[in-house]
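A.B. asks: Would you mind keeping the following structure in view while I ask a few things?
The values are calculated or read from the model by the stated rules, or taken from the named source; none is laboratory data. Bear in mind that the values here come from a model prediction, so they are computed numbers and not experimental data. Ideal geometry is used to build each Cβ from the backbone, glycine not excepted, and the neighbour counts take in all protein chains shown. The accessibility values were calculated without ligands, DNA or RNA, using every heavy atom of the protein model including side chains. Shrake-Rupley method; radii C 1.70, N 1.55, O 1.52, S 1.80 Å.
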Amino acid sequence: MAKTVLIVEDDNNIADLLRLYLEKEGYAVSIASDGLKGVKLFHEVQPALVLLDVMLPGMDGWGVCRAIRAESKTPIIMLTAKSETEDKVQGLKQGADDYITKPFEMKEVLARIEAVLRRSGIEPEKAERKLVFDKLVIDMDAFELTVDGKKIPTPPKEMELLYHLASTPNRVYTRNQLLDEVWGFDYFGDTRTVDVHVKRLREKLEGVSDKWELKTVWSVGYKFEVADR
């Protein structure tokens, strides 16, 4: 059974991004947009771990952390834009297990979740990250791209981009969404970076199958289009 992560975060974009990545890693996710709802949802879902923002409506993150710690040792990772040492110390004194400052990279968040769960004696949930389509295998555990039976050398960021698109077939992503979700919030390059990576992927993939296509949606972005089966 998938372990549940409770996200208490009032920024819907950040909450949705965290949910997307955590679900891809095999976790179940519950989201609360304010502190009072976060405490209520904590009781309802009994999560394996809590990702907790500090600046929240209703009850701030410190209050939520204290409320959880009064009755449970469930691991808590604080997420906040505050970077001062005093704030980090306060979070740890309130009982938080770790502290991540925004902006952050999703790889760091996932790594810290796994580390905190291990320290708490909970085995992190690891889903197989492998997608299979006609004549195409995207294996993120091995970081291998297999096209028409042949392993094709592919840089990590191209692999991550292709996996991200192919994980939700037929969904259109804007270039800015892909920069945020694949490169991370702290990446300040322009959207041409996405175009360059898609061009390189197309050189590896075009003409291989008529069942799927890495497609441009003009004036919007890109999608991994899968034909109806």
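A.B. asks: Let me know the charge dipole size of segment 126-229 about its Cα centre in debye, to the nearest 20, where only the beta-carbon of Lys, Arg (+1) and Asp, Glu (-1) is charged.
C.D. replies: Values: 18 positive and 19 negative charges, 26 e Å.
Roughly 120 debye, rounded to the nearest 20.
A.B. asks: I'd like the carbon and sulfur percentage of the solvent accessible area for segment 164-227, probe radius 1.4 Å, heavy atoms only, ligands and nucleic acids excluded.
C.D. replies: Exposed carbon and sulfur together represent 49 percent of the surface.
A.B. asks: Of Phe133, Gln46, Gly121, which is farthest along the charge dipole of the chain in the positive direction, counting Lys and Arg as +1 and Asp and Glu as -1 at C-beta?
C.D. replies: Of the candidates, Phe133 comes out farthest on the positive side.
A.B. asks: Might you tell me the accessible area per residue for the chain, computed with a 1.4 Å probe and given in Å²?
C.D. replies: Numbers: 11640 Å² over 229 residues.
About 51 Å² of surface per residue is accessible.
A.B. asks: I'm spelling it out carefully: the read-out is percent of Cα pairs over 22 Å apart, the candidates are (i) 56; (ii) 70; (iii) 49, and one was derived from this structure. Which label?
C.D. replies: Entry (i).
A.B. asks: If you don't mind, there's one more thing I want to ask. For Val29, what residues show an amide H to amide H distance below 5 Å, using hydrogens built from the backbone and excluding near sequence neighbours?
C.D. replies: Correct list: Val5.
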